[in-house]
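Colleague: Okay, handing you the structure first.
The values are calculated or read from the model by the stated rules, or taken from the named source; none is laboratory data. Quick caveat: nothing in here was measured; it's all calculated off a predicted structure. Backbone-built Cβ (ideal geometry, glycine too); neighbour counts: all protein chains shown.
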């Protein structure tokens, strides 16, 4: 490896070969960055525990990336205690390795897992390393808004204070939405103008593209051809409003099949809200491999993306970019001022419904079902906007500019 290459260290708990959203995002992004031959990229990640639990070697070179699988447990993702232990063991490994590492260059860290990023920023700055802090989700503020924790809790107040300090110390902060950028400016009002960047998320344009519904292998496999298919795919996490979706499903819209792919802590709320009647018009599937996802995301007439009001500025669901890449209209259940809603409205690639408005969601589904021409144009608009703003290549260009800016 040439000594003239700029050295980059990415710290990410999930990475290749895991095939969850964050892993896919950063694996694809850094593959493209490595392909430019401008950077010497090292990745520190945990042993995979989501879509595979096959133990990896300590080190491997993959697509020009030097990946180090740090000592960590990899218990099953459906065990809360196991997942916490996975985070804890990986975090300890990162902290020890970073303290004693002789790495000189730019550290890139993101908020998965959330508290680790704060420690990485503090240690990196103590060692006079440059840091790019990518905000995928905002903690603990999101948990406070959802009522999961109290701001009066001394540990939460300490966490929040340390997070504010990490934001101040980072050489560059990346917000993934305009609503998140606004939150950062309010949280840390005296940041330098160039310290905060708004860089949207991305999706791989090479593996996702529109496919004819009737001949889609996923449609054939699950006998969906005779239905108008509404799909939710991905993690059913804290930020999601799935009660509104469940209430809409419970209406039993004629000719409509709801397909839910994935799992998460909000799934129980979804199932309870839809009831037995809704269950009859629904299909539930577990998380899929990347190859299966390529077909599944195009096996619908519109794709659901949701964001609870409390999560405004706390995150941007990455699933919207997969839907747009597939040329599918987006049905967004989200606050009108959220990045999610703004993308849909400015791209004219779908419809936006306010959280809690189950009747409005039913009306939106029926509208798309009855207006094929409008629906198809929305799909075309979605793919066009995706190609202009949200491809992995566009994301790589944005981050290359950011990395070069810090190295100059």
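Colleague: Looking at region 214-222, can you tell me whether even one residue there is out of contact with any helix residue (DSSP H, G or I) (no Cβ under 9 Å at 6 or more places or on another chain), surrounded by fewer than 21 Cβ atoms within 10 Å (Cβ to Cβ) and on the phi > 0 side of the Ramachandran plot?
Modeller: Within region 214-222 (the criterion being out of contact with any helix residue (DSSP H, G or I) (no Cβ under 9 Å at 6 or more places or on another chain), surrounded by fewer than 21 Cβ atoms within 10 Å (Cβ to Cβ) and on the phi > 0 side of the Ramachandran plot), the answer is no, since none of the residues qualifies.
Colleague: Go through (1) part of a strand (DSSP E or B); (2) without any contact (Cβ under 8 Å) to a residue 12 or more places away in the chain for residue 131 and report which single condition fails.
Modeller: That leaves (2) as the condition not met.
Colleague: Given the condition over 26 Å from residue 403 (Cα atoms) and touching a helix residue (DSSP H, G or I) at 6+ places or on another chain (Cβ under 9 Å), answer yes or no: does some residue in region 27-46 qualify?
Modeller: no
Colleague: Suppose we filter 238, 208, 224 for residues that are part of a loop (DSSP other than H, G, I, E, B), within 15 Å of residue 295 (Cβ to Cβ) and in the same structural domain as residue 308 (by TED's automatic domain parsing); which single one remains?
Modeller: Within the list 238, 208, 224, the selection yields 224.
Colleague: Within region 281-324, how many residues turn out to be assigned to a loop (DSSP other than H, G, I, E, B) and over 19 Å from residue 386 (Cα atoms)?
Modeller: The qualifying residues number 10.
Colleague: Would you mind finding the one in 335, 329 that is buried (at least 24 other Cβ atoms within 10 Å of the Cβ) and without any contact (Cβ under 8 Å) to a residue 60 or more places away in the chain?
Modeller: Of the residues listed, the single one that is buried (at least 24 other Cβ atoms within 10 Å of the Cβ) and without any contact (Cβ under 8 Å) to a residue 60 or more places away in the chain is 329.
Colleague: Any residue at all in region 370-380 that's under 24 Å from residue 179 (Cβ atoms) and surrounded by 19 or more Cβ atoms within 10 Å (Cβ to Cβ)?
Modeller: Yes; the residues of region 370-380 include at least one that is under 24 Å from residue 179 (Cβ atoms) and surrounded by 19 or more Cβ atoms within 10 Å (Cβ to Cβ).
Colleague: Filtering region 120-139 down to residues that are over 15 Å from residue 172 (Cβ atoms) and over 21 Å from the mean Cα position of the chain (by Cα), which residue is surrounded by the fewest Cβ atoms within 10 Å (Cβ to Cβ)?
Modeller: Ranking the qualifying residues of region 120-139, first place goes to 128.
Colleague: Ok, one more. If I ask for residues that are touching a helix residue (DSSP H, G or I) at 6+ places or on another chain (Cβ under 7 Å) and outside any helix (DSSP H, G or I), which ones from region 85-114 would you list?
Modeller: Passing the criteria: 106, 107, 109, 110, 111, 112, 113.
Colleague: Residues of region 241-268 being surrounded by fewer than 17 Cβ atoms within 10 Å (Cβ to Cβ) and in a helix (DSSP H, G or I), which ones?
Modeller: Once the filter is applied, which keeps residues that are surrounded by fewer than 17 Cβ atoms within 10 Å (Cβ to Cβ) and in a helix (DSSP H, G or I), region 241-268 yields only 268.
Colleague: So, of the residues in region 169-185 that are in contact with a helix residue (DSSP H, G or I) (Cβ under 7 Å, 6 or more places away or on another chain) and assigned to a strand (DSSP E or B), which turns out to be surrounded by the fewest Cβ atoms within 10 Å (Cβ to Cβ)?
Modeller: This residue is 172.
Colleague: The conditions are (1) in contact (Cβ under 8 Å) with a residue 40 or more places away in the chain; (2) in a helix (DSSP H, G or I); (3) not assigned by TED's automatic domain parsing to the domain that holds residue 109, and residue 356 fails exactly one of them. Which is it?
Modeller: Of everything listed in (1) in contact (Cβ under 8 Å) with a residue 40 or more places away in the chain; (2) in a helix (DSSP H, G or I); (3) not assigned by TED's automatic domain parsing to the domain that holds residue 109, residue 356 misses just condition (2).
Colleague: In this structure, is residue 387 surrounded by fewer than 16 Cβ atoms within 10 Å (Cβ to Cβ) and modelled with pLDDT under 95?
Modeller: no
Colleague: While we're looking at this one, here's another question. Quick one: is residue 343 crowded, with 24+ Cβ neighbours inside 10 Å and either in the same structural domain as residue 236 (by TED's automatic domain parsing) or not in a loop (DSSP other than H, G, I, E, B) (or both)?
Modeller: Taking the combined requirement at face value, the residue satisfies it.
Colleague: While we're here: Go through (1) part of a helix (DSSP H, G or I); (2) free of Cβ contacts under 8 Å to residues at least 12 places away in the same chain; (3) more than 24 Å from the chain's Cα centre (by Cα) one by one and return the number of the condition residue 81 breaks.
Modeller: (3)
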